[in-house]
Amino acid sequence: MTDKNFDVEVHHVTRVEGHGNIYVNVRDGTITRCEWNISEAPRFFEAMVVGRSWRELHHITSRICGICSIGHTLASLSATEAAMGITISEQDLKLRKIALHAENLQSHLLHVGFLVLPDLMGVGSVIPLASSNPKEVKTVLRLHRLANEMSNLLCGRTTHPQRLLPGGFSKIPTMKELSALRAKLKASVPDLQAVAKLLQSLAPKIPGFVRETEFIALTKPDEYALYDGKIGSTDTDAAPASEYLSYTNEYIVPQSTAKRAKHFRDSYMVGALARLNINYDLLSPLAKKTAEMFGLKPVCHNPFMNSVAQLVEVVHSVEDSIKLINELEAAGLKSQPDYNNPDVTVKAGRGVGAVEVPRGILFHDYAYNEKGICTKANCVIPTNQNHGNIELDMKALVPKIMGKTPKEIELTLEMLVRAYDPCISCSTHAVKVHFV
């Protein structure tokens, strides 16, 4: 049992990308301090792209994140294409969606299999599981290898795409290569089911914490939106992506180098759980069955279930990739023009790109002058949209777990942060903060 006075200080939370700290002080049973603290150095990408050509921005901004580089590339390309009036073909759109599915698979499998499962299985990392549960670890590795193969095929390599360019692709896969990928995706279904059954067996260990909040994600009437669409919310009507600033409303806090965001309430959540809450009816059939295994249906307000939602999306990404390859085959794969020299009339303009990356909705916003040189850029990262929600969840969770030991409280708070799958380095901006 914890007495009425205790402190929790975690420097830094493990099994997340980047450096984040947890500070909790309780005196006489009352919380006097509860903070989610980000101490990463700013990275200046928005300033870095100013003065660069429209042809270059997607290559630069993909380096914002090694895990979500495909998503950053596609958001960047969408913004540039909107500014320049470039329209991509239906074929290229489908290929881009498959590339985005590859990234979802890479990231979600890594998070669920190697960062979350250790908590549920009572160990400090995935390393002990390699000895105690080699079959399960190999299953996750096999699926992750397939995701890397998808990325290599569509993007030219596993991270920081080379083949994605304004207007389309510099090179596309052959139908023979896509057919081979389709066969591997179909063969992966038993592995997906094995991972789902493993997580289902551990589901009783997922905390049952609930705090009502707003969820925001892209939405479309006819598909589970990942690439393009309107901004959807569980609290308000949908709006065009160009109106993203009225949703994100970024602000700064003294304890963080990362901005925060709020919309209808004091915070909101983005990510797999937000997407599922808004687009559940458009999940693929097997993905919906996977959600039903866990009793996961909208609107779920338990942030710990975000990891389950990620697993559901893994299944959806496999099924939807198969569907997209079928559609490409039916239409007949067409050869590509030379997109290294697209026929574009360079002009001044502004464009906004919005895509769903593994951790949530991502916005890139660029302004160009008449020579196609970037004059202003703004990137709103999913994790910085989640920071405020994480801290408010912590403040609501601590009173519910005060009866636990300090170590148990610490672990539960770390599990909460990990459930959001934060990419902390991506979320830091050029804000000067003095820590007292």
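The values are calculated or read from the model by the stated rules, or taken from the named source; none is laboratory data. From a predicted model like this one, the values you see are computed outputs, not experimental measurements. Backbone-built Cβ (ideal geometry, glycine too); neighbour counts: all protein chains shown.
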ask   = Among the strands (runs of 3 or more DSSP E) contained in segment 301-409, which hold 1 or more residues that are polar (S, T, N, Q), in contact (Cβ under 8 Å) with a residue 12 or more places away in the chain and closer than 26 Å to Arg265 by Cα?
value = 374-380
ask   = Leu413: of a type in the set (A, V, I, L, M, F, W, C), part of a helix (DSSP H, G or I) and either under 22 Å from the mean Cα position of the chain (by Cα) or buried (at least 20 other Cβ atoms within 10 Å of the Cβ) (or both), yes or no?
value = yes
request  = Name the single residue, out of those in segment 314-373 being small (Gly, Ala, Ser) and crowded, with 24+ Cβ neighbours inside 10 Å, that is nearest to Phe304 (Cα to Cα).
outcome  = Gly360
key: Restricting segment 1-19 to residues that are charged (D, E, K, R) and buried (at least 16 other Cβ atoms within 10 Å of the Cβ), the residue that is farthest from Asn386 (Cα to Cα)   = Arg15
request  = Kindly provide the set of residues from segment 26-50 that are out of contact with any Phe, Trp or Tyr (no Cβ under 9 Å at 6 or more places or on another chain), within 19 Å of Asp393 (Cβ to Cβ) and touching a residue at least 12 places away in the same chain (Cβ under 8 Å), ordered by number.
outcome  = Ile31, Ile38
request  = Looking only at segment 195-207, decide whether some residue is part of a loop (DSSP other than H, G, I, E, B) and over 30 Å from Arg55 (Cα atoms).
outcome  = yes
inquiry  = Just to be sure I understand, how many residues within segment 20-43 are farther than 15 Å from Ala419 by Cα, at pLDDT below 90 and either of a type in the set (Lys, Arg) or buried (at least 17 other Cβ atoms within 10 Å of the Cβ) (or both)?
reply    = 4
message = For segment 267-308: of the residues being among the small types (Gly, Ala, Ser) and out of contact with any helix residue (DSSP H, G or I) (no Cβ under 7 Å at 6 or more places or on another chain), which is nearest to Ile231 (Cα to Cα)?
response = Ala274
remark   = Flagged in segment 277-297 as free of Cβ contacts under 8 Å to residues at least 40 places away in the same chain and either of a type in the set (S, T, N, Q) or closer than 18 Å to Phe209 by Cα (or both), in numbering order, are Gly295, Leu296, Lys297
Leading residue by the ranking (farthest from the chain's Cα centre (by Cα)) among those in segment 208-217 that are outside any loop (DSSP other than H, G, I, E, B) and farther than 30 Å from Arg142 by Cα = Glu214
remark   = Looking across segment 224-259 at residues that are at pLDDT 95 or above and assigned to a strand (DSSP E or B), the single one that is surrounded by the fewest Cβ atoms within 10 Å (Cβ to Cβ) is Ala239
